[in-house]
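Down below is the structure, laid out as structure tokens.
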Amino acid sequence: MKSYKVVASGASLELHESERPVPKGKQVLIKTIACGVCHTDIHIHDGYFDLGNDNHIPSRMNETLTMGHEIYGELIEVGSDVSNVEIGKKYVVYPWIGCGECNECERDMEHYCSPFTAENLGVSVDGGYGEYVLVKDSKYLFDAGNTPDELAGTYACRGLTAYSALKKANLDRGDSVVIISAGGLGLLALKIAIAAFEVNAIVVDIDNEKLSIAKKIGASEVINSKDEGAASKIMEILGGAASTILDFVGSEESVNFGYSLFGINKGGLYVLIGLLGGKFDLPLPLHTFTARTITGTYVGSMKEMKELMDLVREGRIEPLEVETRPVSKASDTLADLKAGKIKGLVCLKH
């Protein structure tokens, strides 16, 4: 089998040839059709996350990793203990696989499994930049219905992350939410916010081309945060201040801008999703006086994945266009995504 591996942080991926894995016991083997490329892949490839003040935290535990966690493919072989899935059928793979033994895994929160023990596909163990992916258990396979091949895998990370973040926001039908980012993740969050939660979304970005796309697919308003008076305009639209903000960028600039949208109102909720990096200085007395909440969210649980894929199969979430590239262009795709040259979603096809 062919796979494109990280052999050194930041270096071009290298093509490797190896024997095709053979599933045993509860394992299943997926022949990769398409694999989404998201900003998490950039951090894995770089080898670190930015904590601000030139401090970094390693993004993975090993070199020679086959990245790719937004996996969609055909089930071609199963282990001896598997009987509940159909060979020849296409599936989305839930990649946030835990050790299966810790407290988090035992309470169905495998995505919270420690990075030292987790078996996340494309992050800790080989993933979808490879021609075949060995999956620990058939329970991690999800039917995507009639979803286009190039989009389906995206629901395993960006779609799931957006859905979980929106659930944490506890929005009611007709509420307004500010979504920071009109990139691939932000656009998918916008689609899910409208379809699954029936809310109004103001989308914020620094790229007018991306904002134009967000407006076309349903944003109630789009705002360039670099424009003069951008924060005041958003607060005016919302009747004085924002109450709920979902930040899919997660940079010093985005958090400082987003937090300012609360004004002096009490009870605001800031959901931090993006991992671009940096730090944020929080005025503690003001935070207490205004009774605000800042919460982080990390992908989503198996239960949330099931809920999301039920919505997808029902046709509740209108598909987004996805740029497709051959897997041989994996390194170029990572570079283009990092440079902001990709407008929307992108995947690698095998």
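Just a few scattered comments:
- Counting the residues of region 78-108 that are open to solvent by less than 40 Å² (accessible area, probe 1.4 Å), within 21 Å of the chain's Cα centre (by Cα), of a type outside the set (Phe, Trp, Tyr) and under 19 Å from residue 309 (Cα atoms) gives 4.
- Under the condition of being open to solvent by 10 Å² or more (accessible area, probe 1.4 Å) and touching a residue at least 40 places away in the same chain (Cβ under 8 Å), the residues counted in region 255-273 number 3.
- Looking at 189, 214, 196, just one residue is touching a residue at least 40 places away in the same chain (Cβ under 8 Å), under 30 Å from residue 266 (Cβ atoms) and either in a loop (DSSP other than H, G, I, E, B) or open to solvent by less than 10 Å² (accessible area, probe 1.4 Å) (or both), and that residue is 189.
- Hits in region 199-211 (condition: more than 19 Å from the chain's Cα centre (by Cα) and open to solvent by 30 Å² or more (accessible area, probe 1.4 Å)): 200, 206, 207, 208, 209
- Spans of strands (runs of 3 or more DSSP E) in region 14-61 with at least 1 residues modelled with pLDDT of 95 or more and either open to solvent by less than 20 Å² (accessible area, probe 1.4 Å) or among the small types (Gly, Ala, Ser) (or both): 28-36
- Hey, residue 314 under 30 Å from residue 33 (Cβ atoms), open to solvent by 70 Å² or more (accessible area, probe 1.4 Å) and in contact with a strand residue (DSSP E or B) (Cβ under 7 Å, 6 or more places away or on another chain) or not: no
Conditions (1) touching a residue at least 12 places away in the same chain (Cβ under 8 Å); (2) surrounded by fewer than 18 Cβ atoms within 10 Å (Cβ to Cβ); (3) touching a helix residue (DSSP H, G or I) at 6+ places or on another chain (Cβ under 7 Å); (4) not acidic (Asp, Glu), marked per residue:
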| site | (1), (2), (3), (4) |
| --- | --- |
| 121 | yes, no, no, yes |
| 131 | yes, no, no, no |
| 135 | yes, no, no, yes |
| 138 | yes, no, no, yes |
| 142 | yes, no, yes, yes |
| 152 | yes, no, no, yes |
| 156 | yes, no, no, yes |
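- If you go through region 102-142 and keep only what is among the acidic types (Asp, Glu) and under 18 Å from residue 6 (Cα atoms), you end up with 119, 126, 131.
- Matching residues, region 109-119, being without any contact (Cβ under 8 Å) to a residue 40 or more places away in the chain and either open to solvent by 40 Å² or more (accessible area, probe 1.4 Å) or closer than 28 Å to residue 150 by Cα (or both): 114, 117, 118, 119
The values are calculated or read from the model by the stated rules, or taken from the named source; none is laboratory data. Because the structure is predicted, anything quoted here is derived from the model rather than measured. FYI the Cβ positions are ideal-geometry reconstructions off the backbone, even for glycines, and counts take in every protein chain you see. With ligands, DNA and RNA removed, areas are computed over all heavy atoms of the protein, side chains included. Shrake-Rupley method; radii C 1.70, N 1.55, O 1.52, S 1.80 Å.
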